[in-house]
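Worksheet: one structure, shown below.
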Ligand code: FAS
Ligand code: PHB
């Protein structure tokens, strides 16, 4: 049995775990990440695509934003297509000049892995049978198998950054947590295609056949989504059917055409809202998808994960520098203020743009009126814009 010791043990090398380790490193706090998958797997996993202004600034301020500044696409607005029209939400006008950056989550992960390894950080990839123990007392330990040998990583604190299917949340005793969930009656079928994006900015389309989204990864790679049945089988969606549906829903019968091309990757993502409270138990702290899930309509999942670990890193820094635990004790409350505001926004965007099976013609007209309002009222547009570019970090 191999025995190791560090200050903060982190389970999961996604955006939350990697960025937490990076922030801790900057304040001289040692961390070790234990990750179930391979480096290649986590660096190639296609997920989110949009960074909030505050997250962009944080990556730059903490020294890992250089490639993002070069390769990321700065967007000063998004478009909403509905009722045969396309209208723009202008962030420059409505969100004090803030913007979002289109830069893939897996590129952020690559930059963080490179920074961690470059700084001599430890990431244990392909760890098996990972367990988090002892966090109810003073001596938390992460146990795992790597290289065919069982290991114990003793730490002061454990950060559960292992996503929605990880082991950390489920390691907390029954009854200690309360979960809040809303499951949506649809899913997103997403494709990555070698096709020049047919729009310079994102287009969110509300259509009677269902929602569609035009996003991108670069001037030659499109990222596109269509709303499908929650139990849809990908086999029912050959490429030509996906393109046909995207043309109808995004084109809006205006003759406008999507550029089509080879589909490089496709998948179906379930849509749900989920929060667990509190996000901590003893010396175990949950962050990112391990604690909450948002429907991707608001482009918030990764941004919220990074907001969580920004709070956790500051709380751990306060402990190691002063011995005080007040920020650690307030971690959940501090994060949940932002989380529930982001949950509301993600729910609102999802409710406004998707076709719900139970909708009546009244609901459809109401949706169109809401879209008309937010795209014709400065106040209405500003509420969408300020949430989309990202609410200010509000902890002291
Ligand atoms: P992650 O899930 O990214 O990372 C958790 C890590 O923990 C993973 O590397 C996993 O391998 C590891 N792990 C799990 N169990 C473990 C164990 N037992 N031991 C060790 N390691 C373990 N968000 C958006 O904003 N826009 C999108 O378009 C979007 N699309 C998505 C598509 C899919 C298919 C999914 C699942 C999510 C999507 N999201 C999207 C949300 C996503 O971006 C998350 O919010 C983001 O990855 C959260 O980051 P983490 O909290 O680090 O969790
Ligand atoms: C993406 O580019 O993957 C993306 C963009 C905006 C969203 C969701 C996903 O709301």
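The numbers here are math on the coordinates, done by the rules we state, and not lab data. Just so we're clear, the structure is a prediction, and the values are computed from it rather than from any experiment. Reconstructed Cβ throughout: ideal geometry from the backbone, glycine too, with neighbour counts over all protein chains shown.
Residue 286 falls short of the stated requirement of being more than 22 Å from residue 53 (Cβ to Cβ), over 21 Å from the mean Cα position of the chain (by Cα) and either within 16 Å of ligand 2 (Cβ to nearest atom) or surrounded by 18 or more Cβ atoms within 10 Å (Cβ to Cβ) (or both).
Residue-wise test of (1) free of Cβ contacts under 8 Å to residues at least 40 places away in the same chain; (2) outside any loop (DSSP other than H, G, I, E, B).
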site: 306; (1), (2): no, yes
site: 311; (1), (2): no, yes
site: 320; (1), (2): no, yes
site: 324; (1), (2): yes, no
site: 327; (1), (2): yes, yes
site: 338; (1), (2): no, yes
site: 357; (1), (2): no, no
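Condition test on residue 379, is it part of a helix (DSSP H, G or I), under 28 Å from the mean Cα position of the chain (by Cα) and buried (at least 17 other Cβ atoms within 10 Å of the Cβ)? No; evaluated as a whole, the condition is false for this residue. Count of segment 109-123 residues, restricted to those that are closer than 13 Å to residue 10 by Cβ and either surrounded by fewer than 19 Cβ atoms within 10 Å (Cβ to Cβ) or near ligand 1 (Cβ under 9 Å from one of its atoms) (or both), is 1.
Results for (1) crowded, with 17+ Cβ neighbours inside 10 Å; (2) part of a strand (DSSP E or B); (3) touching a residue at least 60 places away in the same chain (Cβ under 8 Å), shown as yes or no for each residue.
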{"residue": "176", "(1), (2), (3)": "no, no, yes"}
{"residue": "180", "(1), (2), (3)": "no, yes, yes"}
{"residue": "185", "(1), (2), (3)": "no, yes, yes"}
{"residue": "189", "(1), (2), (3)": "yes, yes, yes"}
{"residue": "198", "(1), (2), (3)": "yes, no, yes"}
{"residue": "201", "(1), (2), (3)": "yes, no, yes"}
{"residue": "208", "(1), (2), (3)": "no, no, yes"}
{"residue": "215", "(1), (2), (3)": "yes, yes, yes"}
{"residue": "222", "(1), (2), (3)": "yes, yes, no"}
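Here's the yes/no breakdown for (1) closer than 30 Å to residue 379 by Cβ; (2) in contact with a strand residue (DSSP E or B) (Cβ under 6 Å, 6 or more places away or on another chain); (3) surrounded by fewer than 21 Cβ atoms within 10 Å (Cβ to Cβ):
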site	(1), (2), (3)
1	no, yes, yes
27	no, no, yes
44	no, no, yes
61	no, no, yes
84	yes, no, yes
90	yes, yes, yes
96	yes, no, yes
106	no, no, yes
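Residues checked against (1) under 26 Å from the mean Cα position of the chain (by Cα); (2) under 30 Å from residue 175 (Cβ atoms):
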site	(1), (2)
247	no, no
254	no, no
257	no, no
266	yes, no
271	yes, yes
275	yes, yes
278	yes, yes
281	yes, yes
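Residue count for segment 63-93, restricted to those that are touching a helix residue (DSSP H, G or I) at 6+ places or on another chain (Cβ under 6 Å) and in a loop (DSSP other than H, G, I, E, B): 4. When segment 293-304 is filtered for residues that are more than 8 Å from ligand 1 (Cβ to nearest atom) and part of a helix (DSSP H, G or I), only 297 remains.
Restricting segment 282-292 to residues that are in contact (Cβ under 8 Å) with a residue 60 or more places away in the chain, outside any loop (DSSP other than H, G, I, E, B) and more than 7 Å from ligand 1 (Cβ to nearest atom), the residue that is nearest to residue 12 (Cα to Cα) is 286.
For segment 137-155, a residue qualifies if it is surrounded by 16 or more Cβ atoms within 10 Å (Cβ to Cβ) and outside any strand (DSSP E or B), and the qualifying residues are 140, 155. Looking across segment 124-134 at every residue that is out of contact with any helix residue (DSSP H, G or I) (no Cβ under 8 Å at 6 or more places or on another chain) and not in a strand (DSSP E or B), the one that is surrounded by the fewest Cβ atoms within 10 Å (Cβ to Cβ) is identified as 126. Give me the residue from segment 164-174 that is surrounded by fewer than 20 Cβ atoms within 10 Å (Cβ to Cβ) and within 18 Å of the chain's Cα centre (by Cα) and, out of that set, nearest to residue 276 (Cα to Cα). For segment 164-174, the residue satisfying everything is 164. Of all positions in segment 68-80, at least one carries a residue that is farther than 30 Å from residue 14 by Cα and away from ligand 1 (no atom under 16 Å from the Cβ). When residue 41 is tested against (1) out of contact with any helix residue (DSSP H, G or I) (no Cβ under 9 Å at 6 or more places or on another chain); (2) closer than 30 Å to residue 385 by Cα; (3) without any contact (Cβ under 8 Å) to a residue 12 or more places away in the chain, exactly one condition is not met: (2). Taking residue 314, is it away from ligand 2 (no atom under 16 Å from the Cβ), farther than 23 Å from residue 177 by Cα and more than 20 Å from the chain's Cα centre (by Cα)? Judged against the criteria, residue 314 is a match.
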